[in-house]
1. For the chain, modelled as a GNM with alpha-carbon contacts under 10 angstrom, which of 131, 223, 177 fluctuates the most?
2. Quick one: net charge of residue 138's neighbours, Cβ under 11 Å, K/R +1, D/E -1?
3. Report the far tail of the P(r) of the chain, meaning the percent of Cα-Cα pairs longer than 26 Å.
4. Highest GNM mean-square fluctuation, the chain, Cα pairs closer than 10 Å: which of 58, 171, 329?
5. Relative to the Cα centre, what is the charge dipole magnitude of the chain, using +1 at the beta carbon of each Lys and Arg, -1 at the beta carbon of each Asp and Glu, and rounding to the nearest 20 debye?
6. Under 19 Å from a point 7 Å along the Cα-to-Cβ line of residue 210: which residues of region 115-157 have their amide N that close?
7. Say we join alpha carbon atoms closer than 10 Å with springs in a Gaussian network model of the chain; which of 90, 136, 62 then has the biggest fluctuation?
8. State the antiparallel share, in %, of DSSP beta bridges confined to the chain, rounding to the nearest 5.
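Readers should treat all values here as calculations from the given coordinates under stated rules, not as data from a laboratory. This one's a predicted model, so the numbers in the text were calculated from it and none came from an experiment. Cβ sites come from the backbone with ideal geometry, for glycine too, and all protein chains shown count toward neighbours.
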Amino acid sequence: MSAPGIGDAGEALLEVRDLRVRFHQPGRRVDAVNGLTYRLPAGRMLAIIGESGSGKSVSSRALMGLLPATATVSGSARFAGTELVGLSEAEMRRRRGAEIAMVFQDPTRSLNPTMRIGVQITEALHAHADLDRATAQRRAVELLELVRLPAAARRFHEYPHQLSGGMRQRVMIAIALASQPRLLIADEATTALDVTTQSQIMELLVDLQERLGMAVVLISHDLGLAAGYAQDVIVMYAGRAVEYAPAGTLFDHVRMPYTEALLGAIPRLERESHATLPVIPGQPPDLTRLPAGCPFAPRCGYADERCAAEHPLFAEHEPGHWWACWHPVPDAPARVPEEVR
Ligand SMILES: Nc1ncnc2c1ncn2[C@@H]1O[C@H](COP(=O)(O)OP(=O)(O)OP(=O)(O)O)[C@@H](O)[C@H]1O
Ligand SMILES: [Mg+2]
């Protein structure tokens, strides 16, 4: 089975195949990621969406080697030709930040409150290149200007608490960009921000993606962000990809009932602005006791006995469009205009 992705002819920057993450706890095992497969070419943005607990963060942290010792990772994640799964901590540390950078949701926890932001950025620059002090300082201000931090030269000398939430998020992105990464993983990086700031930061990411040729994985609860900015979308459920397609295809020809449920409650207009995921009745499955069949079956209006018994394969059923379902949602019939009825 080839992994999904556009531009299959060329080498993907990131190729994730059958990625699995298990957390071992006393007396139980949490199966957080259960065979995730995707392909991300350079310069593209892939959104990963799904309910809380579906494995979006854990699968991305696995790529960065940022999981606790209780986790075991298997499967494959090739980044620019190098296998990341099983890489030693030392090799991982060398890549982390340098080639793959991650921006987290909460900048108040990620920035050091006792250090001026300029120092934090110059440290990030020094970690990746041998620069003299004046050059590092100049580059740091350039980075703050690149992420459009207002009055960058002055802010350089300020502490994180003197900045707004949106400004802190920009600083986080500047730190992530210090190494000129080839892949940026933004995990709910704009969730805490108001809609206007969110749009500004997303436009900034798209601009950087285009100008620097960076690939971006955008993890989000916000369907509007996925629809509006990403080229490709993966929908995750219980640690698996359940639907994958270019954004336009996914939103116009939903196949997976779970995705339909996520989208169904949201009118299109809202989806195009900033709607968060609606609540679907029922509970996601217990990751310590996953069922043999489709884990969404108990909550699915289309499910029958087969769904409960047998797990559907995640496969490319239409060109570029992947899903895992025995009863995919048909396209809605074209509506007959009022006057010809
Ligand atoms: N250190 C850990 N030990 C045990 N289980 C964990 C650990 N970290 C995460 N999990 C479990 O793994 C599953 C996936 O978590 P993950 O953080 O990837 O979810 P998510 O999709 O990012 O959700 P959210 O939208 O809330 O951020 C969850 O059930 C979570 O409880
Ligand atoms: Mg998360």
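1. 131
2. -1
3. 51
4. So, out of 58, 171, 329, the one fluctuating most is 329.
5. I would put it at about 1080 debye.
6. It comes to 146-149, nothing else.
7. Of 90, 136, 62, the most mobile in the Gaussian network model is 90.
8. So the antiparallel bridges in the chain amount to around 65 percent.
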